[in-house]
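Rule-based calculations on the coordinates, nothing more; no lab input. All values derive from a computational prediction rather than experimental measurement. Cβ: placed from backbone, ideal geometry, glycine included. Neighbour counts: every protein chain shown.
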Amino acid sequence: MLSDEQSQKHITTGSGDLNNILGGGIHCKEVTEIGGVPGVGKTQLGIQLAINVQIPVEYGGLGGKAVYIDTEGSFMVERVYQIAEGCISDILEHFPHSHGKSSSGQKQLQPEHFLADIYYFRICSYTEQIAAINYLEKFLGEHKDVRIVIIDSVTFHFRQDFDDLALRTRVLSGLSLKLMKIAKAFNLAVVLLNQVTTKFTEGSFQLTLALGDSWSHSCTNRLILYWNGNDRYAYLDKSPSLPVASAPYAVTGKGVRDAASSNHKRVRVT
């Protein structure tokens, strides 16, 4: 049996400021929704988490694997490789004397090893998405080292192809309950990336998360990514135990990092 301490593990986002407002990072046993406008870095953060969950235990990570369910085709292997290289670079910088002690340690700290431990599913319709989520329980039972499931993005096909709104709400509600059950049963984090849409409220247009009304109870935590001028910020909109807070972050060549300490070229990405 896992101890309570182990079950409360976090997955680092790559940004200390972002980790701080999240209470240490992305929590296992919980569902976290991450929403934002195109180009603000949702997919970048999703990929970063798929890499960071694999940081070996001896370097302060979970040593787990990732499931990445891609509904939009935004998962780019070249970018995953870059982010893996950035993660390895940071590990070697923080643990300069521990690398190379064993051949297994050397093998773990290779970008190819990180890529191989992401189970990738490309989803092209809402029916495929329903089938994939229903299949997850069996898959995770056979791959017990998975510590994060990322869906990028969770509402895309339901917005495009689903005309029956009442049925859509029921289906999404059922999927959300299944994902919450999976997070708890397999002691892993579920991260749902979501798009932003415009809603007319009280005489003005406001940005809101896609399918927000039907999806509002589906997550334990909700993080909103947004632009403030040319700077990226994350806003913790919902949490059972943490206060509402915001923090700047950067998307660099190496991945998601702190905004203030970023000396790398920033990139505008999806």
Extension gain (nm, one decimal) between Y81 and F95, 0.36 nm per residue minus Cα-Cα: 3.0 nm
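Can you compute the FRET efficiency between H143 and N228 using 1/(1 + (r/R0)^6), with r the Cβ-Cβ distance and R0 = 45 Å? Round to the nearest 0.05.
Step by step, r from the Cβ atoms, then E = 0.70.
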Simple label model, 7 Å out from Cα along Cβ direction - E202 to S173, nm: 2.7
Whole-number percent relative contact order across segment 19-91, with pairs defined as alpha carbons under 8 Å at least 6 apart: 22
For segment 106-167, convex hull of alpha carbons as volume per residue, Å³: 103
Principal axis dimensions, largest first and in whole angstrom, of segment 44-170 by Cα: 59, 28, 19
